[in-house]
Amino acid sequence: MAIYTKLQRTLLLTTIISTTFAPFVSAHADTSQEATLKALNKQMIEMNKQIMALKKEVTTLRSQQKNLKANQTASRNTKSKKMVAQRAPETEPTPLVSHTTTSSGQPDPKMINVASQADDAHRNQKSVIELLHNDGLPPPDRGASFWSPNMPLFSSATKHDETVYVGGIRIGFPGGRPTIATDDGRYSFSIGLALQEDIGSYINSGNRRGETKGRFSQFRETLRRARIPFTFRYTDFAVNITPDFGGGSAGLYEANMQYGGLKNTILTFGFFEPRVTLEGSESSNEGALMERPAAVELARGIAAGDSRFSIGGVTYGKRWYVGSYFTGHTYSATKDNPDIIKDQTGGMLRVAGRPYASKDIDLHLGLSASSAFNVAQTNKGKQYNFSGSPGFRLTQETLIRTGALDNVSNVWEAGPELAFRWNRFLAKGEYIQYGINRSGGQRSLNFDGYYTSLTYTILGKPRSYDIRSAAFRSPAVEYDFDPKQNHWGAVEISGRWSVLDLNSHKNSSDGVQGGKQTVWTGGVNWYPNPHFRVSLNYDHVMTSSTPNNPLNIRGRNLDAVAASFQAAF
């Protein structure tokens, strides 16, 4: 506006000069005056050219100002009804130089330098190249660190992340998780949330004459998970601490240190969840159904699972994945069982491949195995117990179980994985064999479990394959829930048939009749946006008799319905 005012004054002065002095010069001009007049006219012509150039520049600046206001308006509208486009897992993250202009739209040298430094730092993080930016997907259920590198690193920040620069510090929500980081990306801190509250009812408990009814309430609510992940990071090193207040008591989900300076490799030391099996490798924030199959939960509990002391790591590519950990006891093992004299030692291995992958098709093949090489020893000896949860965690009761088995030297599980995605349709299945080896001349025992599931995405982007975990992500929300704009988030339906058989040589004196459980589960998930989910599931549970279990002497069937409400940041 100051340039434009100066231009107006110059034009007015020029007009006054030409109007006032032209007649005088014409009336009294002599030869020298004519020369002077010609020189003056020449200067006036040059001045007019400069004035026109200034006027053109003002017009350009006004146009840029108008465009800037339009962009700001569009950006505000986008926040309320944004369209989120999911990138492929192999996509290179967006460079930070897209955020290096000033309010006038001109390049900001300081910000370009900051972004260049951050991009250089990002390129040095070889482990985070070619990874997925979580647009439209829930944040993880654990510390971000190198599993979701764009969170603490801002490595693929977009305008949706609303990054703010304050005194050399970046503050924003990359991937939806509150994060503070230095400009060069060397230091960062993030805090998250994984909250799940379940409510449900056992429609019928199915107990027969002579059987104990058990705690199968007709109305029950529970805080399934309440994790608060804290992630501290310095260059290639990270620390994750995640307390969990779910399950009716405060506990620790993870406390570990990680190194991510190797390409596509994450090394971990500390209390951690080494993820075994295909279904067990999915985040609890993204499961198609409220609970994993009983066969998978049994496999996880042997030498992997929550808050397990672990040393190892994973490495992966576009078509392959290998994860291996040496493991020990769980964080709560000593507290839960004060009789432990010697802790458990074990390990796990998971290998997977994706032999065919395209925009609409993913084929997954894998193999998982884990073993407790030496089970924990108590003052009662080396004992072990297998059991299967009856679907929802609305009760602590179990209908099938082996009871405490004595003289156990080691326990193992192994089995293949298979999954096929075609556009919006996803089919998965696993078979798991379990073994308990006993000393003292007692027979070794073998059990098995398996499941198959079908999932179809109705609204939103379909489930996608994540190369970091060799597992499938949740549907991606294309538009946040907004009925006025006819936007409904993401919706999927799922069904699963799962079996767990804990009978082994049941007619022998040293065999086990732990019972066989079959569960049919159906459910629907609604994601109004990437941070919230509502689930509704139905379970029909059928079990064979377990003579040593007063809850299931004659075989028992039950039905249950439950809903889960989730918040994830």
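Of note:
- Evaluated against (1) farther than 26 Å from Tyr316 by Cβ; (2) touching a residue at least 60 places away in the same chain (Cβ under 8 Å); (3) outside any strand (DSSP E or B), Lys484 falls short on exactly one condition, (2).
- For Pro416: the one exception among (1) in contact (Cβ under 8 Å) with a residue 12 or more places away in the chain; (2) open to solvent by less than 60 Å² (accessible area, probe 1.4 Å): (2)
- Qualifying residue in the range 185-200 (condition: modelled with pLDDT of 90 or more and within 16 Å of Val541 (Cβ to Cβ)): yes
- Residue in the range 390-405 that is closer than 21 Å to Pro274 by Cβ and out of contact with any Pro (no Cβ under 7 Å at 6 or more places or on another chain) present: no
- Selection status of Lys484, open to solvent by 20 Å² or more (accessible area, probe 1.4 Å) and more than 30 Å from Tyr202 (Cα to Cα): yes
- Residue match in the range 318-327 (condition: part of a helix (DSSP H, G or I) and either in contact with a Lys or Arg (Cβ under 9 Å, 6 or more places away or on another chain) or within 23 Å of Pro229 (Cα to Cα) (or both)): no
- Residues located in the range 351-391, provided they are within 29 Å of the chain's Cα centre (by Cα), farther than 17 Å from Ser469 by Cβ and open to solvent by 40 Å² or more (accessible area, probe 1.4 Å): Pro355, Tyr356, Ser358, Lys359, Asp360, Ile361
To keep it simple, each residue is scored yes or no on (1) out of contact with any Ser or Thr (no Cβ under 8 Å at 6 or more places or on another chain); (2) crowded, with 19+ Cβ neighbours inside 10 Å.
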site	(1), (2)
Arg177	no, yes
Ile180	no, no
Asp184	yes, no
Tyr187	yes, no
Gly192	no, yes
Tyr202	no, yes
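- Candidate set from the range 448-481 (those that are in a loop (DSSP other than H, G, I, E, B) and among the polar types (S, T, N, Q)); member that is surrounded by the most Cβ atoms within 10 Å (Cβ to Cβ): Ser474
- Of all residues making up the range 207-235, the number that are surrounded by fewer than 18 Cβ atoms within 10 Å (Cβ to Cβ) and charged (D, E, K, R): 5
- Pick from the range 435-465, criterion among the β-branched types (Val, Ile, Thr) and touching a Phe, Trp or Tyr at 6+ places or on another chain (Cβ under 9 Å), ranking: nearest to Val499 (Cα to Cα): Thr452
- Residue match in the range 494-504 (condition: open to solvent by 40 Å² or more (accessible area, probe 1.4 Å), farther than 29 Å from Ala194 by Cβ, in contact (Cβ under 8 Å) with a residue 24 or more places away in the chain and assigned to a strand (DSSP E or B)): no
- When Ser368 is tested against the conditions (1) within 21 Å of Leu298 (Cβ to Cβ); (2) free of Cβ contacts under 8 Å to residues at least 60 places away in the same chain; (3) not basic (Lys, Arg), the lone failure is (2).
- Any chance Ser324 is at pLDDT below 95 and either touching a strand residue (DSSP E or B) at 6+ places or on another chain (Cβ under 9 Å) or buried (at least 17 other Cβ atoms within 10 Å of the Cβ) (or both): no
- Restricting attention to the range 245-286, the residues that are assigned to a loop (DSSP other than H, G, I, E, B), open to solvent by less than 30 Å² (accessible area, probe 1.4 Å) and touching a residue at least 60 places away in the same chain (Cβ under 8 Å) total 14.
The values are calculated or read from the model by the stated rules, or taken from the named source; none is laboratory data. Because the structure is predicted, anything quoted here is derived from the model rather than measured. Because the Cβ atoms are built from the backbone with ideal geometry, glycine has one as well, and the counts that use them run over all protein chains shown. Heavy atoms of the whole protein, side chains included, go into the accessibility calculation; ligands, DNA and RNA do not. Shrake-Rupley method; radii C 1.70, N 1.55, O 1.52, S 1.80 Å.
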